[in-house]
Amino acid sequence: MNTVKSVRELRAAIAQARSEGKQIGFVPTMGNLHAGHAALVAKAAQRADFVVASIFVNPLQFGPSEDLDTYPRTLVADQEKLFEAGCNLLFTPDVEEMYPHGLAGQTRVSVAGVSEGLCGASRPGHFEGVATVVTKLFNMVQPDLAVFGQKDYQQLAVIRTLVRDLNMPIQIIGEPTVRAEDGLALSSRNGYLDAEQRAAAPALYRSLEQIASAIRAGERDYPGLIAQAQQLQSAAGFQPDYLEIREANSLRPASAEDRQLVILVAAFIGSTRLIDNLVLELDA
């Protein structure tokens, strides 16, 4: 696995792979990698001949009070994980390489509809930052396919819409959430949890399972189900950000007639914000 820092080196390596008839797969990350990221790379390696990953902590998607400066940088360990998962080329640009003209005047990409509400409401500007950096990376790499985790469900919806609306010839693959044995979704931010918080954290996913079980049993009082689940979260020490039931494809608020649902949650335990979701497909 080669590691490059410049767009020039990146494009040269990809041009060589293309000259050999290889299909390009891409996995963009912010580093501090775990088994969930490795699964994304492994999926790309199954579907493509040459796998490119990127590590870039993107300042555009962090709010002023968020953890940009303290976000873990673990490049050596990340390189080992990527190599073992089947990555061929790692792109690790610095901020100046990605935004050579500065952040203030940077052209931004905004995705209407699916970026609104949920994390879009809690983190103003976040999805504009995500859409902008992903558009830049897609233009740099020009992959045939790209793999994203379903844990960031709204982000995945934003990227699918971005690719569709801007006519990018890229197949977007969503990879199921990787979980610890107790159900907690793997996340780079889990490392912020102390032992007590880590022991309580699986209650977040259990609250989603509680809602899903009731819906499967025929319950359609969505506000009531949300209230009950938030009680479970509060008992475990969570402070709610949002908990919503949405139609899985459009992300509009779900109706009793919808058959494809997604339950989405964000909540704080201590100072750490965790997100999760559960996709639910009902019989017609």
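The values are calculated or read from the model by the stated rules, or taken from the named source; none is laboratory data. None of these values were measured; they are calculated from a predicted model. Positions of Cβ are backbone-derived with ideal geometry, glycine not excepted, and every protein chain shown enters the neighbour counts.
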Restricting attention to the stretch 60-79, report how many residues are acidic (D, E) and either outside the structural domain of L40 (by TED's automatic domain parsing) or loosely packed, with under 13 Cβ neighbours inside 10 Å (or both). 1
Scan G102, G31 and give me the residue that is surrounded by fewer than 16 Cβ atoms within 10 Å (Cβ to Cβ) and either within 24 Å of N139 (Cα to Cα) or in contact with a Ser or Thr (Cβ under 7 Å, 6 or more places away or on another chain) (or both). G102
Just one of (1) over 26 Å from R18 (Cβ atoms); (2) buried (at least 18 other Cβ atoms within 10 Å of the Cβ) trips up V147, so point out which. (1)
Those residues that are over 22 Å from L280 (Cβ atoms) and in contact with a strand residue (DSSP E or B) (Cβ under 6 Å, 6 or more places away or on another chain), I need them from the stretch 171-182; list them, please. Q171
Scanning the stretch 193-215 residue by residue, the ones that are under 18 Å from the mean Cα position of the chain (by Cα) and either more than 19 Å from L243 (Cα to Cα) or of a type outside the set (F, W, Y) (or both) total 1
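Per-residue answers, yes or no, for (1) closer than 11 Å to V27 by Cβ; (2) modelled with pLDDT under 95:
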| residue | (1), (2) |
| --- | --- |
| V51 | yes, no |
| Q61 | no, no |
| P64 | no, yes |
| L68 | no, yes |
| Y71 | no, yes |
| V76 | no, no |
| Q79 | no, no |
| L82 | yes, no |
| A85 | yes, no |
From the list R198, R259, which residue is among the basic types (K, R) and closer than 25 Å to M30 by Cα? R198
Which of (1) modelled with pLDDT of 95 or more; (2) more than 30 Å from S65 (Cα to Cα); (3) surrounded by fewer than 18 Cβ atoms within 10 Å (Cβ to Cβ) is the odd one out, the single condition L280 does not satisfy? (3)
Please determine whether any residue of the stretch 119-137 is assigned to a loop (DSSP other than H, G, I, E, B) and buried (at least 19 other Cβ atoms within 10 Å of the Cβ). no
